[in-house]
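Heads up, the thing below is written out as structure tokens.
Read-outs throughout are calculated quantities, based only on the coordinates presented, and are distinct from any laboratory measurement. Given the structure is predicted, the values throughout are model-derived calculations rather than measurements. Cβ coordinates were reconstructed from backbone atoms using ideal geometry, including for glycine residues, and neighbour counts include every protein chain displayed.
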Amino acid sequence: MIRNILCIGAGYVGGPTMALIADRCPDVRLTVVDTNPDKIAQWNSERLPVFEPGLDAIVRRARGRNLFFAPITPQAIADADLIFICVNTPTKEYGEGAGMAADLQYWEKSTRTILAHARPGTIVVEKSTVPVRTAEAVSRILNLNPDGTKYQVLSNPEFLSEGTAIRDLAAPDRVLIGSERSVEGLAAAHELGWVYEHWVPKDRIVYTSVWSAELSKLAANALLAQRISSINAIAAVCERTDADVTEISRAIGMDPRIGGRFLDAGVGFGGSCFRKDILNLAYLCGEAGLGEVAQYWLSVVHMNDYRISRFVKGILDHLFNTVADKKLAIFGFSFKPETNDVRDAPAIRICTRLLQEQARLAISDPQALENARRALAGLPGQADERVAYEPDPYRAASDADAVVLVTQWPQFKALDYERIYASMKKPAFVFDGRNLLDHERLYGIGFNVVAIGKSPRLHF
Ligand code: NAD
Ligand code: UGA
């Protein structure tokens, strides 16, 4: 019976996921640990390290009752009946597989900590996204112990999206649990299943082999990212043919075999996972001698890079081939709305390129300004001196040559664009990288409007 759960890694997945489990399972005690003491202090404070709608409320309800954020100690590991590993698995930046493979150092260190202190029989669950057969490697390390006790290692990948994490966790499309097919493996899988059954209908809990669970996670992210690259490729064709990508998304999405979701053209996908997981998948394919398959998935990433550089090139072309000393208001920096996460945000590449062109930037974002400042710090040529971080979008746009919308925060749609137009240099431009705004209205106000997958609306 699972009474004590430990989670290693108090990040964007570990924190919200354990908070939700604590909220739905009052009979289970959850402790979330992290090697970063600042993060633990923030989870115990009024200002959580992760911004997610609905998160504050559930943390406040459960914290100190059956949810604890604490430094990692041998006792915390020894007390656990089940341990989630939720550490980061970024793209490796050094050595073999650099730029492609997953960096498993945090993962392996967690496993060794577990081996040193866990009680025999503790169930170990990989929640981080990992290469296929990682559970097997973990199992090999854990089952090195001389006393012959066998640890069960499960794969339980997480499918939440940032910005809707609490909603996704509260009503998941599916919970996937991969285990060894032995009696002990299946028993461990059903113990974890029991935790989810507190709030997830049984028919949404899917039991598979460990390897299928691991590969399903990479496959899901690869297919989602592939849809975005596909519609962005079509958007480029629209820009050359006067077709409109929004109309196309609607028309093709009505075919139930295609479906309407994840067909929004834009400046490309960002976030900590799509790029890294596809690179990881492509690396695995390469290692397995499947070069053609690796190339197929890499083309999804290449199309994303192309979309971002095409957007920047469009800004330069329309602003008369120079942005040097021009002020550009950047609306949105997080990789998507409703999060403060800027990892691999398209805004980082877009701003970096515009700064290389000597532009002055005023960046506005409802939640991500602190992280934006960190992400852009230390660019060469004192570029940081040409960046202002401005919570008020009206001030950001004042005296600017262009508004560049990068993240579709709904707040940006609700702004008074007549006021913004009046405060800007002329001719005033809007580059709508997410097709969020009412382009006809903006054009009527006097803006020149350039959007993704649409003909530009220009007054000259
Ligand atoms: P994160 O960087 O926000 O959090 C990871 C945390 O683990 C960090 O706080 C880090 O300090 C801690 N950590 C690293 N090594 C440790 C160790 N040895 N002991 C204790 N703590 C340690 O990462 P994240 O976004 O939460 O992602 C975690 C995993 O979940 C990744 O594999 C990711 O691919 C996967 N995932 C992420 C999302 C998402 O939306 N962010 C969704 C699904 C899956
Ligand atoms: C994604 C997946 O959707 C989750 O299922 C998965 O668990 C997670 O990755 C992960 O493994 O980390 P997330 O990256 O948080 O979730 O957010 P998404 O909503 O998928 O958006 C990713 C990026 O794609 C964003 O930059 C978003 O703006 C972009 N996007 C999304 C588009 O450009 N067009 C779309 O139609 C949808």
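Some values worked out for this structure:
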| item | result |
| --- | --- |
| Acute angle (nearest 10 degrees) that the helix 105-117 long axis makes with the longest principal axis of the chain, alpha-carbon atoms | 20 |
| Whole-angstrom gap from region 78-94 to region 240-308, using each part's C-alpha centre | 28 |
| Within the chain: Cβ-based charge dipole about Cα centre, in debye rounded to nearest 20 (Lys, Arg +1; Asp, Glu -1) | 260 |
| Length added when fully stretched, N145-T322, from 0.36 nm per residue minus Cα-Cα | 57.3 nm |
| Sequence ranges 242-254, 208-220, ranked by mean other-Cβ count within 10 angstrom, highest first | 208-220, 242-254 |
| Radius 11 Å from Cβ of G14, net charge of other residues (Lys, Arg +1; Asp, Glu -1) | 0 |
| Contour excess over end-to-end distance, with Cα ends at R395 and R65 and 0.36 nm allotted per residue | 114.4 nm |
| Farthest toward positive dipole pole in region 317-393 [+1 Lys/Arg, -1 Asp/Glu at C-beta], among P337, L319, A388 | L319 |
| Gyration tensor (alpha-carbon) shape descriptor, region 336-417, a/c threshold 1.5 | oblate |
| CD proxy at 222 nm, helix term only [per DSSP H run n ≥ 4: -39500 (n - 2.57); per residue of the chain; nearest 500] | -13000 deg cm²/dmol |
| Acute angle (nearest 10 degrees) that the helix 346-356 long axis makes with the longest principal axis of the chain, alpha-carbon atoms | 50 |
| Net charge over other residues, Cβ less than 10 angstrom from the Cβ of E136 (K, R count +1; D, E count -1) | 0 |
| Out-of-range pairs (alpha-carbon distance over 23 Å; input K150/K202; K109/K336; K217/K336; K413/K454; K326/K454) | K150/K202; K109/K336; K326/K454 |
| Given charges at beta-carbon only (K, R positive; D, E negative), |dipole| of region 4-200 in Debye | 260 |
| Cα centroid of region 1-77 to Cα centroid of region 351-390, whole Å | 33 |
| Added length on full extension, which subtracts the Cα-Cα distance from 0.36 nm per residue, D27 to Y443 | 144.0 nm |
